[in-house]
Amino acid sequence: SSLLLGFSLSTKPQQLNMSFFWLFQFFFFGIVPLCTFLDPNPIYLAQISPTVTFIFASELTLMSNSVIALLQFQIFYKTQLNPKYSDVNRSLPTNFLKRLRRLVVIYILLLPFMLSYLGGGDFLFKKVRIQVATSGVVSPGYAIVLSIFLVTPLIALLSLLYIRKFKLADVHINYQLVLVVWVILLSNPFGQARQTTLFLILPLFFFWLRDHRILTQLFFAVLPIFLVFSANPVNRYTGALQLPNFAIPSRNGDYDAFAQFVNGIQLVSENAFPLFRQIFGSIAFFVPRVFWPSKPNDTGMEIGRLLGLNFQNLSSPWLAEAYVNARLPGI
């Protein structure tokens with residue numbers, strides 16, 4: 001993973017999407033399992049399955065990373081030799097700007113109603129992510145409105161940034177500035193979950209770093225430090241800023257991806273996950289459970305339920321999803 005991270009950063013043009021991917025693999029499927037293997041008392045999730053399953057998960061990780069590396073090399077050299085894939089030669093689809101303007105207008109018209117439904121100004125400027133007294137259960141309607149509320153301006157902003165960068169059309173910079181301010185406001189790290197804040201901010205970093213090699217390398221050099229030392233810069237219950245603290249990866253519940261992969265493999269060996277059951281639940285996400293009572297839960301939650309764990313807000317990384325749905329061919 002570290003070799004492929006270096007390759008992704010040093011090529012021209014830089015492969016920022018693969019850089020993020022390899023950084024994730026390096027930390028969550030490299031550093032964390034290594035610490036877990038060496039730690040005499042790792043987090044309880046890493047103590048459920050036998051060592052042989054842990055080693056098998058490591059072998060599957062190595063195999064999958066090797067396959068992805070080969071595909072990355074092939075796609076990179078194919079696109080480098082074939083100019084039709086170049087950003088410079090991209091053209092804007094017919095009526096794209098008109099459709100984009102229509103989308104933004106509809107969003108603005110719906111904005112007061114969506115904001116009122118989500119909680120108004122208290123939602124927008126909230127200083128606490130989780131209320132101690134609440135159950136944390138989110139209704140489907142709330143989740144849908146929240147998705148439209150957060151994602152639409154981000155997509156519009158990125159579209160305008162790329163259109164302007166490649167000179168595909170005339171775009172007034174004021175539109176972009178307003179959207180930048182709005183997206184940053186929505187990313188509120190005090191009131192939003194970390195993954196939501198990162199979802200809204202990282203695409204902007206992605207855009208601004210892509211043509212600056214030194215800045216990109218500095219960014220990726222600092223990012224692992226942020227992941228390790230500042231996992232919780234804001235207290236989710238009080239909203240107060242807190243000093244960075246060193247968290248041993250093998251004993252931190254935030255880094256449960258590899259342990260969950262191991263536990264998923266173990267449960268498959270015990271015939272807990274029928275073939276393709278989990279992915280069918282995702283594909284048919286729009287089918288209410290009242291019509292499909294046995295509709296599968298998220299895989300991380302399902303692993304927690306099958307293991308009898310009280311805490312079920314658990315990860316299910318892409319490797320675990322591939323394995324529980326299609327076994328070795330899925331990987």
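Taking the Cα centroid of the stretch 174-195 and of the stretch 17-60, what is the distance between the two, rounded to the nearest whole Å?
A separation of 33 Å, based on Cα centres.
On full extension of the chain, what length is gained from L202 through L38, given 0.36 nm per residue of separation minus the C-alpha to C-alpha distance?
Computed gain between L202 and L38 is 55.8 nm.
Pick out, in residue order, every one of the GluC sites (Glu not before Pro) in the stretch 225-331 that is DSSP loop and has at most 15 other C-beta atoms within 10 Å; say none if there are none.
Those satisfying the criteria are E270.
Just tell me which lysines come within less than 21 Å, Cα to Cα, of K165; anything on the same chain fewer than 8 places away is out.
The reachable lysines, counting only those whose Cα sits under 21 Å from K165, are K12, K84, K98.
Within the stretch 269-331, which trypsin sites (Lys or Arg not before Pro) sit in a loop by DSSP and count at most 16 neighbouring Cβ atoms inside 10 Å? Mind dumping the intermediate values first?
Numbers: sites: R277, R289, R305, R327; in loops: R289.
Within the stretch 269-331, the qualifying trypsin sites (Lys or Arg not before Pro) (loop, at most 16 other Cβ atoms within 10 Å) are R289.
If you count only protein heavy atoms and use a 1.4 Å probe, how large is the accessible surface of K78, to the nearest 10 Å²?
Ignoring ligands and nucleic acids, K78 comes out at about 120 Å².
Tell me the carbon and sulfur percent of the accessible area for the chain, rounded to whole percent, probe radius 1.4 Å.
68
Taking 0.36 nm per residue of sequence separation and subtracting the Cα-Cα distance, how much length would be gained by fully extending the chain between L158 and Q80, in nm to one decimal?
25.7 nm
Separation between the L223 and V105 pseudo-spin-labels, each 7 Å from Cα along Cα→Cβ, expressed in nm?
If labels sit at L223 and V105, their model points lie 3.8 nm apart.
So what are the ³J(HN,Hα) numbers for the stretch 263-279, from phi and the Karplus equation (6.51, -1.76, 1.60; θ = phi - 60°), rounded to whole Hz, Gly and Pro as x?
5, x, 4, 4, 5, 4, 5, 9, 6, 7, 10, x, 4, 6, 5, 5, 5
If you stretched the chain out fully between Y117 and A143, how much longer would it get, using 0.36 nm times the residue separation minus the C-alpha to C-alpha distance?
8.2 nm
Which of these values of Cα extents along the principal axes in Å was calculated from the structure shown: [x] 53, 41, 37; [y] 60, 54, 46; [z] 96, 46, 36?
[y]
The values are calculated or read from the model by the stated rules, or taken from the named source; none is laboratory data. Computed from a predicted model, the values in this text were never measured in an experiment. As a convention, Cβ positions derive from the backbone with ideal geometry for all residues, glycine included, and neighbour counts pool all protein chains shown. Quick note on the areas: whole protein, heavy atoms, side chains included, nothing else; ligands and nucleic acids left out. Shrake-Rupley method; radii C 1.70, N 1.55, O 1.52, S 1.80 Å.
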